[in-house]
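Asker: Just passing along the structure, written as structure tokens.
Here, each number is a calculation from the coordinates, and none is a lab measurement. Source: prediction; values computed, not measured. For neighbour counting, all protein chains shown are included, and Cβ atoms are generated from backbone atoms with ideal geometry for every residue, glycine included.
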Amino acid sequence: MKIRFLFFAILCLGCAKEVPRRPIDPKPSTTLLSETISTSKALNKIEENKIIELIKKDSLRIYQQSSYGFWYTYINKIDKDLPTPQTGNEVSFEYEITDLNNTVLYSKEELGIKNYTIDKEDFITAIQKGIKLMKIGETVTFVIPSYSAYGITGDGNKIGMNQSIKSTITLLTIK
């Protein structure tokens with residue numbers, strides 16, 4: 001009988017709900033968040049000014065600003081009424097990545113031909129959006145601020161923290 005009572009007591013106590021602990025300081029500090037936002041806005045403004053200066057110096061090209069925060073210019077534009085990639089299409093393209101001073105960070109040969117499924121794979125945000133503007137055979141240079149490229153961490157190799165980049169892409173196929 002004692003064993004049954006002990007078993008029943010353990011069963012009842014073992015099934016009791018745990019009471020969640022409350023934070024020591026229930027009021028979150030918004031100061032750090034505000035400072036982070038202010039710093040990010042200032043860094044983005046500095047990047048944007050560098051990009052605008054770059055664009056002003058390149059008098060041979062006409063740049064367009066996308067609603068996604070990057071700029072682009074056509075190196076080879078196709079005026080024919082050809083389709084552009086849509087979500088789910090598989091595309092192949094060749095590309096290179098340079099810094100804003102045109103120093104090659106990753107060459108076409110180093111990167112090879114990239115096969116990519118539109119909006120189904122993780123890739124450089126600006127390039128994901130930019131490829132949807134292209135037709136087969138077009139070559140476009142994208143000027144990409146860090147927040148649409150590799151962000152505050154860089155790529156851990158040749159692209160540094162908060163580094164804006166340029167990428168020249170030639171769209172080869174759409175399937």
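Asker: Once both axes come from the Cα atoms, what is the angle between helix 31-57 and the longest principal axis of the chain, in degrees from 0 to 90, rounded to 10?
Answerer: 10
Asker: Based only on other Cβ atoms within 10 Å, what is the fewest-to-most ordering of LEU105, LEU32?
Answerer: Going from sparsest to densest Cβ surroundings: LEU32, LEU105.
Asker: In whole Hz and in residue order, list the ³J(HN,Hα) couplings for segment 106-116 that follow from phi through the Karplus curve 6.51 cos²θ - 1.76 cosθ + 1.60, θ = phi - 60°; x for Gly and Pro.
Answerer: Ordered by residue, 3J(HN,Hα) equals 9, 7, 4, 5, 5, 7, x, 7, 9, 9, 8 Hz.
Asker: Oh, and also: Please report the antiparallel percentage of DSSP beta bridges with both residues in the chain, rounded to the nearest 5.
Answerer: Roughly 100 percent of the beta bridges in the chain run antiparallel, per DSSP.
Asker: Between GLU96 and residues 5 or more places away or on another chain, which pairs have amide H atoms under 5 Å apart, with H built 1.01 Å from N, and which residues are they?
Answerer: THR168
Asker: Fewest Cβ neighbours within 10 Å first, please rank SER67, SER148 accordingly.
Answerer: SER67, SER148
Asker: If you don't mind, there's one more thing I want to ask. Calculate, in whole percent, how much of the Cα-Cα pair population of segment 42-174 lies beyond 27 Å.
Answerer: Looking at segment 42-174, the distances longer than 27 Å represent 15 percent of pairs.
Asker: Let me ask something else about it. Would you mind ranking ILE3, ILE52 by Cβ crowding within 10 Å, fewest neighbours first?
Answerer: Result, fewest neighbours first: ILE3, ILE52.
Asker: At a threshold of 8 angstrom on Cα-Cα distance, excluding pairs fewer than six apart, so keeping six or more, what relative contact order does the chain reach in percent?
Answerer: Relative contact order here is 23 percent.
Asker: Sticking with this one: Using a 7 Å offset from the Cα along the Cα-to-Cβ direction at both ILE3 and ILE62, what is the distance between the two label points in nm, to one decimal?
Answerer: The modelled label-to-label distance comes out at 9.2 nm.
Asker: Angle between the Cα long axis of helix 2-14 and the longest principal axis of the chain, 0 to 90 degrees, nearest 10?
Answerer: That helix lies at roughly 30 degrees to the long axis.
Asker: Which distance in nm do the two modelled labels at LYS132 and LEU111 give, with both placed 7 Å along the Cα-to-Cβ direction?
Answerer: According to this spin-label approximation, the distance is 2.0 nm.
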